[in-house]
Amino acid sequence: MAIRPQGEKRRQRNVLATDSEWAVIREDADAERLSVSDNVVRVLLD
């Protein structure tokens, strides 16, 4: 999980994806043993 500055809170964001895209995203997250949210943030910030 990405380290965020102390006192900074996470906020809900929305992502539009097809069911097949979401399945790939979930598989990647499962393989990394991360939540979908943590995996998406990690991928986007890398």
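The figures follow:
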item	result
Degrees separating the helix 36-45 axis from the principal Cα axis of the chain, which is the longest one	70 degrees
Qualifying GluC sites (Glu not before Pro) for the chain [loop in DSSP, other Cβ within 10 Å: at most 16]	8, 32
Coarse-grained scattering of the chain at q = 0.16, 0.31 Å⁻¹, given as base-10 log I(q)/I(0) from a Debye sum over alpha-carbon atoms	-0.48, -1.24
Residue-normalised accessible area of the chain, expressed per residue, 1.4 Å probe, Å²	97 Å²
Percent carbon-and-sulfur accessible area, the chain, ignoring ligands, DNA and RNA, probe 1.4 Å	51 percent
DSSP-loop trypsin sites (Lys or Arg not before Pro) across the chain, with at most 11 other Cβ within 10 angstrom	9, 10, 11, 13, 33
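The values are calculated or read from the model by the stated rules, or taken from the named source; none is laboratory data. Not measured: the values here are computed from a predicted model. Every residue, glycine as well, gets a Cβ built from its backbone with ideal geometry; the counts of neighbours run over all protein chains shown. When the accessible area is computed, the model is the full protein with side chains, heavy atoms only, and any ligands, DNA or RNA have been set aside. Shrake-Rupley method; radii C 1.70, N 1.55, O 1.52, S 1.80 Å.
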